[in-house]
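Taking it in order: structure first as C-alpha cells, then the write-up.
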Amino acid sequence: MKTHPKKQMTVICEAPVVGRITRVLDRVPVSGYTLFDAHAGKGSEGTWDTDRMIGDTGRMVMIVSVMSAEQADIAIDRIYEALEPQMGIITIADVDVLRPDRF
Amino acid sequence: MDAIFQLAAGNILSPPVLFFILGFVGSLAGSQLTLPEAMAKTLSIYLMLAIGFKGGVALAAEGLTLALVLALLAGAVLSALIPLVAFVILGRISKLPRIDAAAVAAHYGSISIVTFVAATEAVRSIGLAPEGFMVAVAAVMETPAILVALFLARSAASHRKATEHGNNGLLQEVFLNSSVVVLMGAFVIGAITGAEGMAAIEGFIVVPFTGVLCLFLLDMGAVAGRGMAQARQVLDARLVGFGLVMPFVGAAIAVPFALLAGLSAGGTALLLTLAASASYIAVPAAMRLALPEARPSIYLSLSLGVTFPMNLTVGIPAYAAIAQLVAGG
C-alpha cells in the first residue's frame, strides 16, 4: 500500500498550559490533535504521580498532532515560544500516513 | 480563652475533622490511601452544590440587604490587600526571590473553598447561623489576589515573557473554574427556588452532607499529609512559621471589615476563615501559567501542607471564637 510522509509533533506539557498549545495548533492551522492524560513520570523536577495530586498543577498532558512539513515548521517555532518558560518536551518525528488528504 | 479551647476541642472531635486527621496521619505514616481522582472531584462538586444551594436558600429568606453589598466589597478588598501584607512579611522574614514571594502572596490572598466548606459546617454545629451570601463572598475572593500578585511580580523577566504568550483569559479561567461555577450556580438556584426547592432536595444535600464531607476530608487529609511530607523537604523553619502565622494575620485584618459590613458572628467567622485560608487548587494552576518561574514546590507545599491542615484543625475554631467575641453571639 502506498504511504505518504508527514510529521508527527508530540508535546508533553503541564495541564494548565494545554490551552495555550492547542490555541497555537488551531492557528497554524493543523487538521487535528489528540490529548492524552499522563499518569505518572519522572523528570528534572523528580517523580510525580496523578494519584497523589490535587488540581491541575503538576499534572502532565501529551498532545499528538500529525501535519505536513510546512505546518510543522510554523508550529514548532510558535510552540517553542509558548512553552519556553515552562517545563515540557517537544519532539517531531517522520511518520507515514495512508490518507494524506486528512493532514 | 477557656471558651476558645473548648470550641477547638469540640471542633477537633467532630467526625469530619477526625477523618481529616486520620487521612493526614495515615499518609504521613506511609499509607497509600487515596480516593480515585474522579471520585474526589465528584465529592467536591457535591459539596459545592450543597453549600451553594443552602446559601441561596438562606439568601431567599434574608432578602437582599446592604450587608450583602458591603460583605462582597469587603471580600474583594481583603483579597487584594492580604497579598500585599503577605508579600511584605515574606520580604522581611525570608530570602525568597521576589517572584516566589509574589506567587505565595497570591495563594494567601485567594481562598480555599474546602476550608470554607469545613468552616461552614463547624460554625453551624456550634449553633451560629452565617449569612447565606457568604458563599458569594467566597467566590469574589478567589481572583483579586492573583491580579495583585502579578503586579507584585511585574519586574521579573519571566512574567513579561509569559504575558506575551497570552494570559488573556487567565482570570476568566480562574473565576470560572468548576468549583466557582457550581458554587455560584447552586447559590442562584437556591435563591430562586427558596424553601420549596430546599424541601425538594433536602434528602440529597442536607442529610448526607456531613458524611460526604467526612469521606472527602479523609482524602484531603491524605493529600495534605503528602503536602506536608514535601514541605519538610523544601521549606525552612521561617517559611513554615509564615504558613502557620499568616492565616491569623489575614483573619485579624478581616475583623474590622466584618464589623463594618455588620456581619453576624457566624458570618464573621466565615469571613475570617476566608481571609485566613490559602488556595491550593485554582491559584497554583494560574501561577503555572502566569509566573512559570515561581516554584510550585514552595507555594503548593506551604498552602497545602502547612496552612490547610492548621486551618482545619486549630484555625477554624479560633476564628469562630474570635468572631463570637467581636460580633457577639
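Miscellaneous remarks
- Euclidean distance of C-alpha centroids, region B:253-329 and region A:1-79, integer Å: 36
- Contact order normalised by residue count of chain B, Cα under 8 Å, 6+ apart, percent: 34
- Long hydrophobic helices in chain B, taken as whole DSSP H segments with a C-alpha length of 30 Å or more on their own axis and mean Kyte-Doolittle hydropathy at least 0.5: B:37-62, B:66-93, B:209-234, B:237-261.
- Dipole size of the protein assembly as shown about its Cα centre, with +1 on Lys/Arg Cβ and -1 on Asp/Glu Cβ: approximately 640 debye, rounded to the nearest 20.
- Residue order, fewest to most surrounding Cβ atoms within 10 angstrom, among B:Y46, A:Y80, B:Y319: A:Y80, B:Y46, B:Y319
- Cα gyration tensor category, rounded, prolate or oblate, for region B:198-281 with a/c compared to 1.5: oblate
- Region A:12-103: GluC sites (Glu not before Pro) falling in loop per DSSP and having at most 12 other Cβ within 10 Å: A:E45
- Projecting the Cα atoms of B:T273, B:Q233, B:L28 onto the dipole axis of region B:17-327, where Lys and Arg carry +1 and Asp and Glu carry -1 at the beta carbon, places B:Q233 farthest toward the positive end.
- Here the residues A:S65, B:S112, ranked from fewest to most Cβ neighbours within 10 Å of their Cβ, fall in the order A:S65, B:S112.
- Taking θ as phi - 60° and the Karplus parameters 6.51, -1.76 and 1.60, the scalar couplings of region A:81-91 work out to 4, 6, 9, 3, x, 9, 7, x, 9, 10, 10 Hz in sequence order, x denoting glycine and proline.
- Counting only Cβ charges, +1 for Lys and Arg and -1 for Asp and Glu, the dipole size of chain B around its Cα centre is about 940 debye.
- Neighbour counts of other Cβ atoms within 10 Å put B:H107, A:H39, A:H4 in the fewest-to-most order A:H39, A:H4, B:H107.
- Using alpha carbons only: equivalent-ellipsoid semi-axes of region A:4-102, gyration tensor based, whole Å: 26, 14, 12
- Exposed loop sites, defined as trypsin sites (Lys or Arg not before Pro) outside DSSP H, G, I, E and B with at most 13 other Cβ atoms within 10 Å, are absent from the longest region of chain B, namely B:155-329.
- Relative contact order of chain A, pairs being alpha-carbon contacts under 8 Å that are 6 or more residues apart, as %: 53
- Of the residues A:S65, A:H4, A:I92, the one whose Cα sits farthest toward the positive end of the charge dipole of chain A, with +1 on the Cβ of Lys and Arg and -1 on the Cβ of Asp and Glu, is A:H4.
Every number in this text was worked out from the coordinates using simple rules, so none of it is lab data. All of these numbers come straight from a predicted model, not from anything done at the bench. Counting neighbours? That spans all protein chains shown, and the Cβs are built from the backbone with ideal geometry, glycine included.
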